[in-house]
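The values are calculated or read from the model by the stated rules, or taken from the named source; none is laboratory data. Note that the structure is a prediction, hence the values are computed from the model and not measured. Here the Cβ is made from the backbone with ideal geometry for all residues, glycine too, and neighbour counts use every protein chain on show. Remember, those area values only see protein heavy atoms, side chains included, never the ligands or the DNA or RNA. Shrake-Rupley method; radii C 1.70, N 1.55, O 1.52, S 1.80 Å.
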Amino acid sequence: MGACMALCSLASCASCLCGSAPCLLCGCCPSSNNSTVTRLVFSFFLLLGTLVSIIMILPGMETQLRKIPGFCQGGSTIPGVENQFNCDVIVGYKSVYRMCFAMACFFFLFSAIMIRVRTSKDPRAVFQNGFWFFKFLILVGITVGAFFIPDGTFHNVWFYFGIVGSFMFILIQLILLIDFAHSWNEVWVRNAEEGNSKCWYFGLLFFTILHYALAFAAVVLFYLYYTKPDACAEHKVFISLNLIFCVIISVVSILPKIQDASPQSGLLQSSLITLYTMYVTWSAMTNNPNRECNPSLLSLVSNISSSSQPTPTTTPGTVQWWDAQGIVGLVIFLFCTLYASIRSSSNAQVNRLMQTEEGKGSQVESKMEEDGLRRVVDNEEDGVTYSYSFFHFHLFLASLYIMMTLTNWYKPDTTTQAMASTMPAVWVKICSSWLGLALYLWTLIAPVLLSNRDFS
């Protein structure tokens, strides 16, 4: 009986996977608008690929695979069976590059297909919002094909694609954080005006001070551990400039003219952007190939000089993705990806930058069907609430960012099978932080400079 019920449940879920209409709100589909569910499922595809990449790069994975009889070349054998697989390709940084290459191709394909889709009545919207099982098969097919790409110059070329794409994704992350901070501030101020004002204003003050305190502590630690009195001039410049820029945007955000033109701006947003800027600065400095200016986290904690005791990251061919900045980067990536899937913003400037038009879709309530199941509501018959093409392009860039994060932004050397830190990765991150700060500054001063335009 239980087996029959399970089969019935799977059969009902099949409409979610293969249907071209909005899927049934059965056990595998949440009660929500079509636009939200679609973004969540595509984001799940990205997160699934990220999880597979993490598993592939785990230490000892190749050793465990070689223990499987008849699987890896050079591993355990079965009499009469030839080991077929090169396990150097399906684990380590090579597997991450290929997995992320497959995800990037998948999302770029959909980005190209979905250009200029205006409503859900467009035939292409049917493929956007349904046929999940077949889309998953397409992703699996591209992934399998990616592992048959010859080594050659693939890793070096794809490294530079990753650098450029990650630079753009860092800017998108900053835009999403700006939007999140604006929404956070707007909701809490509205709650303060409607209810217990002291409690909500205290919360705003607390988190603002917390963000600035963490950022200030980070600056102090940067000067202590990532600079030397007679060396590391680049790090001193990076830290000092970003500190000055963060002070500038904080002061600008509370100027009377800025407050009159944009009442929603304030120190909460500036404090969050300041903290994120310090993270990007730290992430950049950890990619400096000069080990004197880039001590390992292990040596900082145990007071051991990185020159006297090399860390695992200095071992040729080893990629240690679980260092502190990599973990923080993954957490921020996860937050921004999920937020981009469910966001509903009233900030016009951010909506223009992110190619979203929240609130434009049809306001329709989900209805109970005769069979007792709910259907996801198609709220885009009058107009899409987000750009399908840009959303997929955003996930395309996210795939490249994940590739660089899991490999610590190291450049592969195909001649020695090693991974090495490079200064281009440092400059990409630093320049993205500067451009991001300039972008945030523009969101503050644009309503003042362009007073004849509506920025509400």
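Key figures
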| item | result |
| --- | --- |
| Residue list for the range 227-246, filter: open to solvent by 20 Å² or more (accessible area, probe 1.4 Å) and under 22 Å from residue 271 (Cβ atoms) | 240, 241, 243, 244, 245 |
| The range 211-221, residues that are without any contact (Cβ under 8 Å) to a residue 60 or more places away in the chain and surrounded by 12 or more Cβ atoms within 10 Å (Cβ to Cβ) | 213, 216, 219, 221 |
| Residues located in the range 250-267, provided they are farther than 22 Å from residue 187 by Cβ, aliphatic (A, V, I, L, M) and in contact (Cβ under 8 Å) with a residue 40 or more places away in the chain | 252 |
| Residues being under 30 Å from residue 290 (Cβ atoms), of a type outside the set (A, V, I, L, M) and more than 26 Å from the chain's Cα centre (by Cα) - total across the range 198-225 | 2 |
| The one condition in (1) open to solvent by 60 Å² or more (accessible area, probe 1.4 Å); (2) outside any helix (DSSP H, G or I); (3) not aromatic (Phe, Trp, Tyr) that residue 265 fails to fulfil | (1) |
| Only listed residue being at pLDDT below 80, more than 21 Å from residue 391 (Cβ to Cβ) and open to solvent by 20 Å² or more (accessible area, probe 1.4 Å), chosen from 152, 145 | 152 |
| The lone exception for residue 174 - which of (1) part of a loop (DSSP other than H, G, I, E, B); (2) aliphatic (A, V, I, L, M); (3) touching a Gly at 6+ places or on another chain (Cβ under 7 Å) it fails | (1) |
| Filter result for residue 391 (at pLDDT 80 or above, in contact with a strand residue (DSSP E or B) (Cβ under 9 Å, 6 or more places away or on another chain) and either under 30 Å from residue 125 (Cα atoms) or among the acidic types (Asp, Glu) (or both)) | yes |
| Unmet requirement for residue 183, which otherwise passes all of (1) among the polar types (S, T, N, Q); (2) open to solvent by less than 50 Å² (accessible area, probe 1.4 Å); (3) over 27 Å from residue 429 (Cβ atoms) | (3) |
| Residue list for the range 103-142, restricted to those being of a type outside the set (Lys, Arg), open to solvent by 80 Å² or more (accessible area, probe 1.4 Å) and not in a helix (DSSP H, G or I) | 115 |
